[in-house]
Amino acid sequence: MGKTVKITVLVDNEAPEGFAKEHGFSAWIETADGQRILFDTGQLGALLTNAEKLGIDLATADALVFSHGHYDHTGQLPAFLEQNKTAHIYSCPQLEIERYSCKIGTAPRFIGMPEASIKALESISQDRIHITSSPLYLTPGIAMTGPVPRSEAIEDTGGPFFLDDHRDTDDLITDDQSMWFETEKGLLILLGCCHAGLVNTVEYIKAMSGKDKIYGIIGGMHLVNADQNRLDFTLANMKRWNPDVLVPCHCTGQAATEFLLKTIGDATVKPGHAGFVIEA
Ligand SMILES: [Zn+2]
Ligand SMILES: [Zn+2]
């Protein structure tokens, strides 16, 4: 028996009239049996604005799962913790490490978890914090991957990511993780930025869950810097998985989204935005 799950995008780079948008990602998950999970928090004010607009009460979340430590996913932790006094928080190790984006020709930019979010995390009962180095089921049928093995060399982290501000040590973003939901329709996969690579992530989820049928994939696919080789590789695997729904959000990138629309088609590819809902 699979779960019945509803995922609502709370924060995204795109939003229709009346919703707030920002560079960031957050999603709200509700199950038919009453579980509520927040996945990432976005960066700025869109989380609270859009939750209120959608009638989502963040205080009722049982869990907050972080996909990784980047500022655009962890920035609103203080606001969440102000509303929610009980949720347990899940992440991979190294969520809070210092990290930078260092594009050649521009000044290095700190893109780690903001100081205020680190302080907020330290201020709550540490019994509420769970750090996982391996796949973890929250309840039967709902799981997070933990760190994802990087099997495919073609799938790099997708950006000029470093652990220092002078380009010495690559940030492999080992804390990147995704969630999966085992539904009646098949696997529903929720991505944050997917710095671990989409093929690495989906194949890992198939192996860990023991399930093959993929109903849907939603979230940031981080193909924004992908070259044509990588896009073709991703496309070939998507065709093999043959999902019913693909929802590119956040850092997928406009060019990659258009490529998917052109090659897979708009019957399957539904570009995401704040307020977008997928049910399975
Ligand atoms: Zn990221
Ligand atoms: Zn991101």
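The values are calculated or read from the model by the stated rules, or taken from the named source; none is laboratory data. All values derive from a computational prediction rather than experimental measurement. Quick reminder, even Gly has a Cβ in these numbers, built from the backbone with ideal geometry, and neighbours come from all protein chains shown. Areas reflect the complete protein model, heavy atoms only, side chains present, ligands, DNA and RNA absent. Shrake-Rupley method; radii C 1.70, N 1.55, O 1.52, S 1.80 Å.
With the chain treated as a Gaussian network of Cα nodes joined by springs under 10 Å, which of THR74, THR60, THR145 yields the largest mean-square fluctuation?
Maximum among the listed residues: THR60.
For segment 5-279, give the share of DSSP beta bridges that are antiparallel, in percent and rounded to the nearest 5; count only bridges with both residues there.
The answer is about 60 percent antiparallel.
Would you please classify the overall shape of segment 96-175 from the alpha carbon gyration tensor, given that a ≥ b ≥ c denote the square roots of the eigenvalues, rounded means a/c under 1.5, and beyond that prolate means a/b larger than b/c while oblate covers the rest?
Since a/c reaches 1.5 but b/c is at least a/b, the shape of segment 96-175 is classed as oblate.
So for segment 155-280: antiparallel DSSP bridges make up what percent, rounded to the nearest 5?
The antiparallel proportion sits near 35 percent.
Whole number in Å², please: accessible area per residue of the chain, 1.4 Å probe, ligands, DNA and RNA not counted.
Accessible surface, normalised per residue, equals 41 Å².
Let me have the relative contact order for segment 5-279, percent, based on Cα pairs under 8 Å that are six or more residues apart.
Relative contact order for segment 5-279 comes out at 19 percent.
Taking the Cα centre as origin and putting +1 on Lys and Arg beta-carbons and -1 on Asp and Glu beta-carbons, what dipole magnitude results for segment 1-76, to the nearest 20 debye?
140 debye
Given a 1.4 Å probe and every protein chain left where it sits, what share in percent of the accessible area of segment 12-169 is carbon and sulfur?
52 percent
Give the shape of the chain as rounded, prolate or oblate, defined through the alpha-carbon gyration tensor: a ≥ b ≥ c are the square roots of its eigenvalues, a/c under 1.5 means rounded, and otherwise the shape is prolate if a/b is larger than b/c and oblate if not.
Cα axes put the chain in the rounded bin.
Are there chymotrypsin sites (Phe, Trp or Tyr not before Pro) in segment 37-90 that DSSP puts in a loop and that have at most 14 other Cβ atoms within 10 Å, and which ones?
none
Report the one residue of VAL148, PRO16, VAL277 whose Cα lies farthest in the direction of the positive end of the charge dipole of the chain (charges on C-beta: Lys and Arg +1, Asp and Glu -1; origin at the Cα centre).
Working it through, the farthest residue towards the positive pole turns out to be VAL277.
If you rank ASP165, ASP175 by how much accessible surface each has, with a 1.4 Å probe, what is the order from largest down?
Reading off the accessible areas and sorting them downward yields ASP165, ASP175.
Placing unit charges on C-beta atoms (Lys and Arg positive, Asp and Glu negative, everything else neutral), compute the dipole magnitude of segment 146-280 about its Cα centre in debye, rounded to 20.
Once rounded to the nearest 20, the dipole reads 620 debye.
Given only helices, namely DSSP H runs of n ≥ 4 each adding -39500 (n - 2.57), what is the per-residue ellipticity at 222 nm of the chain, to the nearest 500 deg cm²/dmol?
Per the formula, -6500 deg cm²/dmol.
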